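**Student:** One structure follows; several queries about it will come next.
The values are calculated or read from the model by the stated rules, or taken from the named source; none is laboratory data. Predicted model, so just to flag it, every value in this text is computed and none were measured. Note: ideal-geometry Cβ built from the backbone for every residue, glycine included; neighbour counts use all protein chains shown. For the accessible areas, the whole protein counts, side chains as well, though only heavy atoms, and no ligand, DNA or RNA atoms are used. Shrake-Rupley method; radii C 1.70, N 1.55, O 1.52, S 1.80 Å.
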Amino acid sequence: AITDSLTGIYNRLFFDEALQKEIERSRRYKKPFSILLIDVDNFKAINDTFGHLKGDGVLKVIASILAEQVRDTDILARFGGDEFAIILIETELSGAKAVARKIENEVGIHSFAKKPLSVSIGSATYQTGYSAEQILEEVDRQLYKNKLEKNPERIVSTSVLV
């Protein structure tokens with residue numbers, strides 16, 4: 001019950017447990033680690049246009065690409081839906097960003113229905129004293145920021161009532 005039945009990689013439950021262990025290891029040995037949170041761009045459109053079975057195929061391809069880009073010691077998991085997460089053991093932010101660029105490039109080589117696949121990626125490095133929730137919130141903020149930079153028309157204007 002530690003693997004995702006669709007993709008064959010670790011599931012969210014395993015990821016959450018591994019994250020807690022890595023936090024404890026980082027605190028004890030003063031070793032850094034980083035997290036990548038990866039979201040498949042326009043995945044809803046793939047499901048809506050081609051159906052969920054084709055969408056599942058895209059998720060399998062993405063999982064396979066991700067698995068090829070990480071080390072055996074790193075933790076790759078399906079985070080939920082069309083999101084994936086990676087714990088990069090003993091990796092500073094600069095290293096995490098390098099891995100993110102490699103992943104974006106590798107995903108960009110592939111296409112689905114003659115359209116290139118793409119992902120948005122958030123990255124964050126563990127800071128001493130962070131809880132698991134805090135580092136996940138930070139990496140999620142970075143993911144959202146990167147998604148908006150790729151697709152600025154998704155920004156919703158708001159008005160303030162006085």
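**Student:** Need the failing condition index for G108 against (1) surrounded by fewer than 16 Cβ atoms within 10 Å (Cβ to Cβ); (2) within 30 Å of I23 (Cβ to Cβ), just the number.
**Tutor:** Only one criterion is unmet by G108, namely (2).
**Student:** Next question, about the same structure. Could you say which residue among K150, K102 is basic (K, R) and modelled with pLDDT under 95?
**Tutor:** Result of the check over K150, K102: K150.
**Student:** List every residue pair whose Cβ atoms lie under 8 Å apart, where the two residues are 6 or more positions apart in sequence or sit on different chains, the first residue falls within segment 1-20 and is aliphatic (A, V, I, L, M), and the second residue, located anywhere, is part of a loop (DSSP other than H, G, I, E, B).
**Tutor:** What qualifies is A1/N11; I2/N11; L13/A1; L13/I2.
**Student:** Do you know which of the residues in segment 1-42 that are closer than 27 Å to E104 by Cα and of a type in the set (G, A, S) is farthest from the chain's Cα centre (by Cα)?
**Tutor:** My answer is S5.
**Student:** For residues that are open to solvent by less than 30 Å² (accessible area, probe 1.4 Å), under 22 Å from D140 (Cα atoms) and out of contact with any Asp or Glu (no Cβ under 8 Å at 6 or more places or on another chain), tally how many sit in segment 15-57.
**Tutor:** Of the residues in segment 15-57, 9 are open to solvent by less than 30 Å² (accessible area, probe 1.4 Å), under 22 Å from D140 (Cα atoms) and out of contact with any Asp or Glu (no Cβ under 8 Å at 6 or more places or on another chain).
**Student:** Let me ask something additional. Would you tally the residues in segment 113-150 being open to solvent by 40 Å² or more (accessible area, probe 1.4 Å), over 15 Å from the mean Cα position of the chain (by Cα) and farther than 23 Å from K30 by Cβ?
**Tutor:** Matching residues across segment 113-150 total 6.
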